[in-house]
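The values are calculated or read from the model by the stated rules, or taken from the named source; none is laboratory data. These figures come from a predicted structure and were not determined experimentally. When we count neighbours, we look across all protein chains shown, and the Cβ atoms used for this are built from the backbone with ideal geometry, even at glycine.
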């Protein structure tokens with residue numbers, strides 16, 4: 001069965017480079033910018049920024065599911081060595097959870113936007129803060145997987161294949 | 001272990017870790033998320049705004065109320081944010097390039113050595129920063145002067161320029177990915193392997 005699968009390259013991937021870290025641009029940047037727009041909009045009463053925030057959150061909601069698909073493929077091919085396993089599992093757990101959290105927040109935003117587009121409840125801003133904290137922690141975990149453990153980096157893949165890790 | 005690592009790390013800073021940085025996680029790749037995400041979404045929403053007449057039935061079907069000028073607002077504000085943040089992206093990139101261990105022998109999958117890759121990536125960074133700032137200024141002129149009263153806030157040439165910059169960003173991003181993922185710059189585990197220690201002892 002396995003002979004039908006594409007061959008894996010020196011990153012242990014069937015395509016040139018990791019895709020998950022690229023797709024997460026559109027979750028990280030859009031969520032953080034949406035929260036910033038909400039905050040600036042709230043304090044300056046520039047409600048035009050609420051629309052900018054809403055569209056950015058919508059974009060993030062679509063993106064996170066694509067990010068999870070590639071994240072799951074690349075996690076499956078990462079072959080994490082013992083030191084990396086815990087952080088990879090936690091990153092996976094929080095990643096899936098974030099899809100629900102972001103979709104739910106965007107859903108609430110849709111309702112707010114329909115009913116009171118000029119007014120943002122304080123509780124929503126509180127959720128913005130919580131979401132930012134979770135996203136920042138998730139970025140930190142993903143950063144560790146790439147920049148500390150070097151998963152999918154050539155030297156680590158080489159060491160794993162050579163049995164040195 | 002630290003003593004032996006310090007001796008190979010550049011002397012630009014004190015107390016470098018195994019990743020040749022005085023902190024655990026490189027900053028530049030994180031700011032890159034913001035630069036690329038904001039720029040690409042800015043152009044994408046301007047394109048959505050430009051094609052708005054075609055999309056009206058789609059928004060209606062999805063029951064998502066959409067106002068054309070609001071889509072262009074995303075194009076503008078995201079671009080301004082991209083321009084601001086990218087100064088920091090480039091600054092962090094240059095600092096981390098100066099502190100990186102650059103291997104001499106290896107070549108990337110694009111056939112470039114580590115030093116060449118780093119130099120092209122550095123030049124590309126400055127070029128893209130200049131282009132993002134120029135695009136922001138151009139976008140501002142369209143929004144507040146030339147097309148203030150037009151329903152179609154952006155010129156097609158601006159959108160086309162944006163797509164061209166996407167292509168540059170792809171090349172730039174791949175060079176950056178080679179620096180981290182192939183040459184192992186600032187990757188703690190790769191640097192440890194190079195020096196013969198086990199990343200499991202992290």
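Considering each of A:125, A:90 in turn, give the residue that is touching a residue at least 24 places away in the same chain (Cβ under 8 Å), surrounded by fewer than 17 Cβ atoms within 10 Å (Cβ to Cβ), out of contact with any strand residue (DSSP E or B) (no Cβ under 9 Å at 6 or more places or on another chain) and within 30 Å of residue A:17 (Cβ to Cβ).
Criteria check complete, one pass: A:90.
Hey, residue B:153 hits all of (1) more than 24 Å from the chain's Cα centre (by Cα); (2) assigned to a loop (DSSP other than H, G, I, E, B); (3) at the interface with chain A (Cβ under 9 Å from one of its Cβ atoms) but one; which does it fall short on?
Of (1) more than 24 Å from the chain's Cα centre (by Cα); (2) assigned to a loop (DSSP other than H, G, I, E, B); (3) at the interface with chain A (Cβ under 9 Å from one of its Cβ atoms), only one is false for residue B:153: (3).
Evaluate the following for residue B:117: is it in a helix (DSSP H, G or I), surrounded by 19 or more Cβ atoms within 10 Å (Cβ to Cβ) and more than 12 Å from the chain's Cα centre (by Cα)?
Spelling it out, residue B:117 is indeed in a helix (DSSP H, G or I), surrounded by 19 or more Cβ atoms within 10 Å (Cβ to Cβ) and more than 12 Å from the chain's Cα centre (by Cα).
Here are some residues: A:86, A:41, A:71. Which one is closer than 30 Å to residue B:81 by Cα, more than 11 Å from chain B (Cβ to nearest Cβ) and outside any loop (DSSP other than H, G, I, E, B)?
Answer to the selection: A:71.
Quick one: residue A:108 ticks every box in (1) within 23 Å of residue B:25 (Cα to Cα); (2) away from chain B (no Cβ under 11 Å); (3) free of Cβ contacts under 8 Å to residues at least 60 places away in the same chain bar one, so which box is it?
The single condition residue A:108 does not satisfy is (1).
Could you go through segment B:169-182 and let me know if any residue there is outside any helix (DSSP H, G or I) and surrounded by 24 or more Cβ atoms within 10 Å (Cβ to Cβ).
Yes, segment B:169-182 contains a residue that is outside any helix (DSSP H, G or I) and surrounded by 24 or more Cβ atoms within 10 Å (Cβ to Cβ).
Going by the conditions given, is residue A:124 facing another protein chain (nearest Cβ under 8 Å), part of a helix (DSSP H, G or I), at pLDDT 95 or above and more than 22 Å from residue A:10 (Cβ to Cβ)?
The answer is no for residue A:124.
Would you be able to tell me the number of residues in segment B:84-111 that are within 13 Å of chain A (Cβ to nearest Cβ) and either in contact with a strand residue (DSSP E or B) (Cβ under 6 Å, 6 or more places away or on another chain) or outside any loop (DSSP other than H, G, I, E, B) (or both)?
6
Condition check ((1) more than 10 Å from chain B (Cβ to nearest Cβ); (2) under 20 Å from residue A:26 (Cα atoms)) across all residues:
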| position | (1), (2) |
| --- | --- |
| A:56 | no, yes |
| A:132 | yes, yes |
| A:142 | no, yes |
| A:152 | no, no |
